[in-house]
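The values are calculated or read from the model by the stated rules, or taken from the named source; none is laboratory data. Note that the coordinates shown come from a computational prediction; the quantities given were computed from them, not determined experimentally. Please note: Cβ atoms are built from the backbone with ideal geometry, for glycine as well, and neighbour counts cover all protein chains shown.
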Amino acid sequence: MGIKVSKFGGSSLCDAEQFKKVKSILLSDPDRRFVVPSAPGRRFKDDEKITDLLYRCYKLAHTGQSYSECFSQVVERFCEIVSDLQLDIDLLPELHETEKEIARQDDPDYAASRGEYFCGLILARYLGWDFIDAAEVIHFDRQGVFAPEWTNEQLAESLSGRERAVIPGFYGSMPSGQVKTFSRGGSDITGAIVARAVGAELYENWTDVSGFLMADPRIIDNPRLIDWLTYRELRELSYMGATVLHEDAIFPVRKAGIPTNIRNTNAPSHPGTMIAVDPNPAGDERTITGIAGHKNFTLISIDKAMMNSELGFGRRVLSVLEDLGISFEHLPTGIDTMCVVIADKELERHKQEIIDRIEESCHPDSIEFTSGVALIATVGRGMVNKRGTASRLFRALAVADINVRMIDQGSSELNIIVGVDGKDFERAVSAIYYEFV
Ligand code: ASP
């Protein structure tokens with residue numbers, strides 16, 4: 001079989017007991033040769049993640065306050081794991097050096113990255129595997145933008161000669177040697193980068209849930225797990241708010257055609273969710289794969305008689321938005337109406353300016369703003385071949401007495417998006433879910 005790259009999230013490595021589970025998962029399959037750890041996460045509800053403690057240390061240090069008490073919590077957590085695992089390593093000298101270095105750095109990335117760094121050191125020692133400092137193999141350019149091809153070459157070269165290794169997640173370095181992190185949750189990205197570099201057969205992402213849920217569990221009680229979804233479906237669901245994986249983690253593996261398997265460290269025999277370029281070869285009867293959504297959008301409806309025959313109308317509207325640096329989400333249009341859907345946070349300061357500029361360049365009959373709209377995406381590649389999906393969806397919303405303000409269905413038929421009043425959001429998600437599940 002091929003190589004498996006296994007990334008473990010912070011909850012999977014929060015204490016020595018979790019380290020033991022991780023070791024047994026890794027040793028149970030010889031194909032699991034490269035492992036990417038996050039920093040230790042929360043052990044209980046009000047606990048703090050190591051990464052959060054480290055960000056706090058940096059902030060205290062750079063606002064002239066003492067951070068020794070905060071840093072001592074970091075030291076304690078790592079020392080406890082080392083002692084509970086009965087490892088023969090003394091991290092104290094390096095931890096004390098790190099404490100001093102945090103105050104010398106000009107940005108928080110170095111501090112934040114040390115959670116993954118020390119976690120990786122401990123895990124490598126515990127497994128008896130090589131440790132590779134991510135600063136040596138994950139590269140960012142001078143502007144701090146991730147350099148995928150440079151990284152891929154160097155990582156592939158560095159890992160090709162090794163049987164097994166631990167590469168800490170979340171960070172790399174810039175040409176100056178300065179440590180740079182990805183955005184929060186970025187160990188997922190490192191895992192995907194490593195999977196691409198070694199040409200893995202599978203990228204395993206171990207977390208504390210058994211996979212991707214069909215809907216938000218805060219809205220639907222105990223939603224069904226998705227056993228298989230394509231990268232395209234995942235992209236649609238993540239874009240609309242579903243979270244399990246960091247969004248940027250999808251690109252390196254998707255590009256290389258490597259499937260991602262979301263697994264649960266606390267239930268390792270559960271197959272989890274498989275995310276792949278292609279649909280499940282075993283076939284799949286479901287019509288929809290998942291539902292996701294967001295509140296706080298505004299619909300801008302621009303009306304003008306005979307709009308359909310006016311050349312350049314749409315371009316002029318969109319140029320106004322582009323000039324103001326506003327990105328739009330959807331563009332459902334009618335014969336004499338053009339509707340633009342924009343997230344409220346994009347719109348904030350610009351409402352009057354948009355009206356003025358559209359009036360000036362397009363001379364519309366009216367411009368209407370409807371705020372407080374929620375968008376719901378019902379995603380599923382199965383919709384293409386099934387007649388009546390849209391009708392079932394809209395009937396379910398009608399039966400629940402929910403007014404649909406906007407509809408957008410791309411020709412890929414992967415996704416039907418509806419806009420409803422924000423106050424109806426949860427009920428609408430429920431109505432759609434129970435219609436199909
Ligand atoms: N430790 C980092 C964070 O908490 C990165 C990660 O866990 O993926 O965001």
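Numbers for the structure displayed
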item: Residues located in segment 138-158, provided they are part of a loop (DSSP other than H, G, I, E, B) and within 16 Å of the ligand (Cβ to nearest atom); result: I138
item: Enumeration of residues in segment 206-216 that are away from the ligand (no atom under 13 Å from the Cβ) and either part of a helix (DSSP H, G or I) or touching a residue at least 60 places away in the same chain (Cβ under 8 Å) (or both); result: S210, G211, F212, L213, M214, A215, D216
item: Out of A111, A103, A124, sole residue that is under 23 Å from A200 (Cα atoms), in a helix (DSSP H, G or I) and among the small types (G, A, S); result: A124
item: Long-range neighbours under 6 Å by Cβ, at least six apart or interchain, first residue more than 11 Å from A111 (Cβ to Cβ) within segment 47-75, second more than 16 Å from the ligand (Cβ to nearest atom) and in a helix (DSSP H, G or I); result: V75/L95
item: Boolean, I407 is touching a Pro at 6+ places or on another chain (Cβ under 8 Å), within 22 Å of T298 (Cα to Cα), modelled with pLDDT under 95 and not charged (D, E, K, R); result: yes
item: Test: F19 is of a type in the set (A, V, I, L, M, F, W, C), touching a helix residue (DSSP H, G or I) at 6+ places or on another chain (Cβ under 8 Å), more than 9 Å from the ligand (Cβ to nearest atom) and not in a helix (DSSP H, G or I); result: no
item: Residue check, I258 closer than 27 Å to M214 by Cα and either assigned to a strand (DSSP E or B) or of a type in the set (F, W, Y) (or both); result: no
item: Matching residues in segment 393-419 - criterion: being surrounded by 15 or more Cβ atoms within 10 Å (Cβ to Cβ) and out of contact with any strand residue (DSSP E or B) (no Cβ under 9 Å at 6 or more places or on another chain); result: A396, A400, E413
item: Positions within segment 159-205 being hydroxyl-bearing (S, T, Y) and within 13 Å of the ligand (Cβ to nearest atom), in sequence order; result: Y171, T181, S183, S187, T190
item: Residue within segment 137-146 that is over 30 Å from P252 (Cβ atoms) and surrounded by 18 or more Cβ atoms within 10 Å (Cβ to Cβ) present; result: no
item: Residue check, A135 closer than 30 Å to Q86 by Cβ, within 16 Å of the ligand (Cβ to nearest atom) and over 20 Å from the mean Cα position of the chain (by Cα); result: yes
item: Residue selected from segment 314-325 under the condition in contact (Cβ under 8 Å) with a residue 24 or more places away in the chain and over 24 Å from N415 (Cα atoms), by the criterion farthest from the chain's Cα centre (by Cα); result: R316
item: Residues within segment 62-115 that are surrounded by 15 or more Cβ atoms within 10 Å (Cβ to Cβ), of a type outside the set (D, E, K, R) and touching a Lys or Arg at 6+ places or on another chain (Cβ under 6 Å), tallied; result: 3
item: Qualifying residue in segment 334-355 (condition: in contact (Cβ under 8 Å) with a residue 40 or more places away in the chain, over 26 Å from the mean Cα position of the chain (by Cα) and in a helix (DSSP H, G or I)); result: yes
